[in-house]
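Only one structure is covered here, and it is reproduced in the block below.
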Amino acid sequence: MRIGILQTGHAPDEVRGTLGDYADMFERLLDGQDFGFQIFDVVDGVFPEGPGAADGWLITGSRHAVYEDHDWLPPLEDLIRRIAASGRPLIGVCFGHQIIAQALGGRVEKARGGWSVGRQVYDFGDDALALNAWHQDQVVELPEGAQVIAESAACPYAALVIGDNILTVQPHPEFDAKMMAGLIEHRGDAVPDDLLEAARAGLTKTTASEQMAERMAAFFRKGAK
């Protein structure tokens, strides 16, 4: 199965040499699932011809906000709607979660509670999964037909299923402890010190990234045409 990764941002330069870019982190996360990958740097204006260019699609995180004014955002939202209509499976993570919601009629804004940074626990109904987070924005209004499948104390719309072919999650299963440490060091200036300290303290604790990867892989396979 061929997964098209729509890369909407780049990892900090200081960690990219050792950890790779966001798309590389997703390839590692889904390693062993018998997927092939093709990366489209949509943040740099590189887009696929259409939904048929891959069997399934994944939208990465980004340091940008979905409500900012960037030339690549309107065509990305149009592509999201075309993928949704095509029936091909689509997964969005963090920024990807938010831009899918916005493209399909939801609303995103800065969370009233501020930043969510570091290891957080999410209630998926059948299980509680600890995953790393790094975001200030949240989905605050759901698109039509969205079903909430996970929440946390700070993020009521932490994961969504929309229709039969879209899965979105706010936290970052692709971020390991090394990546989180890199973000704390190189992109932590805007984050309150107490949240950074709590995130540092959580670096030695385990997360459920493997369990989330299995859920994502199963979703791709279920929706494959």
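The values are calculated or read from the model by the stated rules, or taken from the named source; none is laboratory data. If you're wondering where the values come from, they're calculated on a predicted model, not measured in any experiment. We place every Cβ from the backbone using ideal geometry, glycine too, and count neighbours over all the protein chains shown. Side chains are part of the model used for accessible areas, which takes the heavy atoms of the whole protein and leaves out ligands, DNA and RNA. Shrake-Rupley method; radii C 1.70, N 1.55, O 1.52, S 1.80 Å.
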Response to the item:
Checking N132, N165 in turn, the sole residue that is at pLDDT 95 or above, of a type outside the set (A, V, I, L, M, F, W, C) and within 15 Å of the chain's Cα centre (by Cα) turns out to be N132
Worksheet item: Across the range 35-60, what is the total count of residues that are open to solvent by 50 Å² or more (accessible area, probe 1.4 Å) and closer than 25 Å to K178 by Cα?
Response: 3
Worksheet entry | Near pairs, Cβ below 7 angstrom, 6+ apart or cross-chain, from the range 200-213 (closer than 15 Å to M179 by Cβ) to any residue that is of a type in the set (K, R) and open to solvent by 90 Å² or more (accessible area, probe 1.4 Å) | none
Item to complete: Within the range 103-113, count every residue that is outside any loop (DSSP other than H, G, I, E, B) and among the small types (G, A, S).
Response: 1
Worksheet item: Which of (1) assigned to a strand (DSSP E or B); (2) surrounded by 20 or more Cβ atoms within 10 Å (Cβ to Cβ); (3) among the β-branched types (V, I, T) is the odd one out, the single condition I100 does not satisfy?
Response: (1)
Practice prompt. Find the strands (runs of 3 or more DSSP E) located wholly in the range 114-225 whose residues include 3 or more that are open to solvent by less than 30 Å² (accessible area, probe 1.4 Å), and list them.
Written response: 116-123, 128-135, 137-141, 159-162, 166-169
Worksheet entry | Residues located in the range 68-88, provided they are acidic (D, E) and in contact with a helix residue (DSSP H, G or I) (Cβ under 7 Å, 6 or more places away or on another chain) | E77
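Matching residues to (1) closer than 27 Å to E210 by Cα; (2) of a type in the set (D, E):
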site	(1), (2)
F37	yes, no
G52	no, no
R63	yes, no
E68	no, yes
R81	no, no
G87	yes, no
